[in-house]
1. Kindly report the accessible area of the stretch 155-268 per residue (heavy atoms of protein chains, probe 1.4 Å, no ligands, DNA or RNA), in Å².
2. What does the accessible area per residue of the stretch 46-136 come to in Å², with a 1.4 Å probe and no ligands, DNA or RNA counted?
3. Percent of accessible area on the chain owned by carbon and sulfur, 1.4 Å probe?
4. Restricting to the stretch 68-339, what percent of DSSP beta bridges are antiparallel, rounded to 5?
5. Bins of 10 Å, beginning at zero and ending with the bin holding the largest distance: percent of Cα pairs per bin for the stretch 9-63, please.
6. Name the residues of the stretch 201-232 whose amide N is less than 11 Å from a point 7 angstrom out from the Cα of Tyr325 along the C-beta direction?
7. In degrees, nearest 10, range 0 to 90: what is the angle between the Cα axis of helix 245-259 and the longest Cα principal axis of the chain?
8. Using a Debye calculation, one point per C-alpha and no hydration shell, please list log10 I(q)/I(0) for the chain at q = 0.08 Å⁻¹ in order.
Amino acid sequence: MTTTISTPVNLYDYGRPALEDMLAGWGYSSYHAGQLWTALYRRQGDLTDLRPDLCGRLQAEATTALPTAVADLASSDGQTRKFLLRLADGQTVETVLMHFEGRDGVPRATACISTQAGCAMGCVFCATGQMGFVRHLTPGEIVAQVLFANRELPAGSEPLRNIVLMGMGEPLHNYDNTMTAVDILMDHKGLAIAPKHITLSTVGVVPGIVRLADEARPFRLAVSLHGATDAERQALVPPARRWPLAELMAACRYYVQKRGRRIFFEWTLIAGQNDTPEQAHALGRLLGDISAHVNLIPLNPTMGYGGRPARGTAVRQFQEILAAYNLPSTVRQRRGIDIAAGCGQLRAAKS
Ligand code: SAH
Ligand code: SF4
């Protein structure tokens, strides 16, 4: 873990092995560490069932404080809620809760969580990119968004089981803290979120993708592409200058080959910019030899960028061209547009 944790330590910053080590250093067995883990993740952080001496020491030297919401907005259709959460140092991050009906007809929810306050990558159309980098989130600050979202589900709901790391920030720029957080989310004695229900979205940080492949991380990977030629991509996504498409696609192919699973490619459709038949053909060719699924998202307009969302006809034509290359694609709805639910937009509006 790269983050230095000041006193008092926040127990949500620790993965299970680190928590066991800490308690072992205090003279407690792994059995007690297991009890603490259950208290944190299955009993809403209630430590009172632990041995009184352990509970007392934890209360004196550690905290289980979660962020508090400073804004809570519901979309007009009631399907999307967006929270602006205040962290211990006053920084704010966004968490979005999206309700949908599962294939079995059961109501479910997906939480979209942040990994950084701000972002260093500077994608031109993104509200988080427009605000610049503030700091990495700690593992606990990432996990806390899921705990928070769970508490906000309607009474009687199943606990959250779908998580997308698609909020503020670039997760592979905060690799270690993000992986500790994901390990905590997946831990089968805690929140037990299935790896196939966790999607990490990256702007295309090549060394991070290679590391994910080598470490055999089991969750799903999405890569934000937005341009199928270097010139088009560099105009929208500054890191594309550091990692040209040839390098990015080589890393993606390596990932697919090592992990044996497809990659989702995200494409924000901007009218007259990257919604053209030329870009669709270039994308079809680019992804021709890779196991891929394309998610098309019409642009959510932001304060700092003049582009407009692609029109319905352009979206349909784009999708038809991809289909001609046997490239499956889905058009994602722009959810919660009336509550600034696009990445970084609420914090930008509040500051
Ligand atoms: N940094 C990561 C994850 C956070 S952004 C990444 O870039 O993938 C999550 C997704 O939202 C990305 O695909 C990003 O391109 C997209 N996005 C950001 N701002 C948007 C906007 N204004 N309209 C539509 N999509 C946007
Ligand atoms: Fe950062 Fe992703 Fe926004 Fe780009 S799209 S600025 S990588 S959060």
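The values are calculated or read from the model by the stated rules, or taken from the named source; none is laboratory data. Remember, it's a predicted structure, so these values are computed and weren't measured experimentally. Note that we place each Cβ from the backbone using ideal geometry, even for glycine, and neighbour counts take in every protein chain shown. For accessibility, only protein heavy atoms count, side chains too; no ligands or nucleic acids. Shrake-Rupley method; radii C 1.70, N 1.55, O 1.52, S 1.80 Å.
1. 36
2. For the stretch 46-136, the solvent-accessible area averages 45 Å² per residue.
3. Carbon and sulfur together cover 50 percent of it.
4. Percentage antiparallel, nearest 5: 50.
5. 26, 68, 6
6. 227-229
7. It is inclined by approximately 50 degrees.
8. -0.40
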